[in-house]
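Below is one structure, written out as structure tokens, with a few remarks after it.
Every number in this text was worked out from the coordinates using simple rules, so none of it is lab data. Predicted model only: the values in this text are computed from it and were never measured. All Cβ positions, even for glycine, are placed from backbone atoms using ideal geometry, and neighbour counts span all protein chains on display.
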Amino acid sequence: MDTLTIGARGISVSLDLAVGHISAMEVEAEGRLLKPLHRAPWVGSPRETLPANLPEGTVRLSGDFLCAPFSTSDVETAPLHGWPANSEWDVVDNGAVPGGWRAVVRLRRKVMGATVDKVFTLRDDHPFLYQEHIFSGGAGAISVAHHPMTAMTGGGRLAFSPKRMAVTPPMPPEPDPARGRFMLAYPARAADLTKFPLAAGGTTDLTDYRMEDRREDFITLVEADHDGPGWTAIARRAEQDLVLVLKNPAELPVTMLWFSNGGRDYAPWSGRHVGVLGIEDGRTAVGHAASLGDNWLKHEGVATVFALAEGRSVSFRHVIGGVPSADVEPPSGLESAPDRLRVLAAGGAAREVPFDGGFLRIGGSVPD
């Protein structure tokens, strides 16, 4: 079996077991079928038509996947984003539970000696995928991140839970103009997300995804101190929906944004990977060794790894969803209650969506 598909009333999710990527997610709401997650245009192409050295996770780039480590695997040998994003998973448990469905899959390989389980839960009439990753045993420490991607055909507007700062790395993703292009200044930082420095001078609004900005950019947002969930909301104009991504900031203290809008000219990207936004919630710097070392996030008091040990388990949770929305502006805030999520409009109105408010364990203990 190459694909595991699970469903509850109003929602279905498919997992590509060859690489652990979500290959499809569909939400039925208000007579519409929403598809909040992206799949790369080359997925399914004959392998011989793609570069021979392409990691399997890029060959099958889809939806969301676990990065462990995030970015370069330069401590334990593995492809980009680690074995969880590039190798096979086995179904351990899969079946109906009261009010929904639950599936557990396990990575065939180990990461730093740890067994890795992925747990998906769907609930009837909830427009969300609830997921948890559990590392059991192992030694040393691992950086992690989720890698959900959405795509827009007409751009969109972004909103976030409170952030302390936005920071670009020392080098852009595509520094060679013969291969691609970028817009943001590298390195740079700003506290105001609507006024981030540009490479060409001036500033740009990170909350406005414009289709005319053909570029490949990467930036890290650091969560501010607050007592609610961390979240990102994307109001997709043409799709007329709202993509929602939520986390526990104590578990995943950074949100990395990947703006991929026709900014790479070489295969397999070939200028055709457009309108894509990665919302990469993590506990990481860029690269495994960097996450373990004396990185800039540690200087800001931000954890960048989970410690692993025999006889011990560490886990973190994440939520992805989508709801219909004709509003071109994203919400001004999200408020979690035990059985619902309140989506606050800029004008003060609110809509309520079924939601498991206890899932993210806000206020609970978090492993080192």
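Tabulated values for the structure
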quantity: Top positive-direction residue, dipole computed over the chain with Cβ charges, set V75, L17, P170; calculated: P170
quantity: Positive-end extreme of charge dipole, the chain - chosen from P324, A200, G99 (charges on Cβ); calculated: A200
quantity: Subset of K163/K298; K163/K195; K110/K298; K35/K110 violating a 20 Å alpha-carbon distance limit; calculated: K110/K298; K35/K110
quantity: Nitroxide proxy distance, nm - points 7 Å out along Cα→Cβ at S45 and R361; calculated: 4.1 nm
quantity: Taking segment 273-322 and dividing mean pair separation by its residue count, relative contact order in percent (alpha carbons under 8 Å, at least six apart); calculated: 27 percent
quantity: Relative contact order [Cα under 8 Å, 6+ residues apart], segment 218-368, whole percent; calculated: 24 percent
quantity: Relative contact order (%) - the chain, alpha-carbon pairs under 8 angstrom, separation at least six; calculated: 18 percent
quantity: Of [x] 83, 58, 38; [y] 55, 50, 45; [z] 78, 68, 44, the label for Cα extents along the principal axes in Å derived from the coordinates; calculated: [y]
quantity: Extension gain, Y266 back to R237 (0.36 nm per residue minus Cα-Cα distance, nm); calculated: 7.6 nm
quantity: R312 versus T5: modelled label distance in nm, points set 7 Å from Cα along the beta carbon direction; calculated: 4.2 nm
quantity: Fluctuation leader among G333, G95, G63 - the chain, Gaussian network, Cα springs under 10 angstrom; calculated: G95
quantity: Table column - 3J(HN,Hα) (Hz), segment 212-228, Karplus curve with 6.51, -1.76, 1.60, x for Gly and Pro; calculated: 6, 7, 6, 6, 10, 9, 9, 8, 10, 9, 9, 5, 7, 6, 7, 9, x
quantity: For segment 239-246, 3J(HN,Hα) per residue [Karplus equation, 6.51 cos²θ - 1.76 cosθ + 1.60, θ = phi - 60°, Hz, x = Gly/Pro]; calculated: 7, 6, 8, 10, 8, 10, 10, 10
quantity: A200 paired with R108, simple spin-label distance in nm, labels 7 Å along Cα-to-beta-carbon; calculated: 4.8 nm
quantity: Alpha-carbon centroid distance for the pair segment 55-82 / segment 146-205, whole angstrom; calculated: 22 Å
quantity: In sequence order, calculated HN-Hα J values of segment 124-133 (Karplus, 6.51, -1.76, 1.60; Hz; x Gly/Pro); calculated: 3, 6, 8, x, 10, 9, 9, 10, 9, 10
quantity: Residue of G262, G138, G311 that the Gaussian network model of the chain assigns the largest fluctuation, springs spanning Cα pairs under 10 Å; calculated: G311
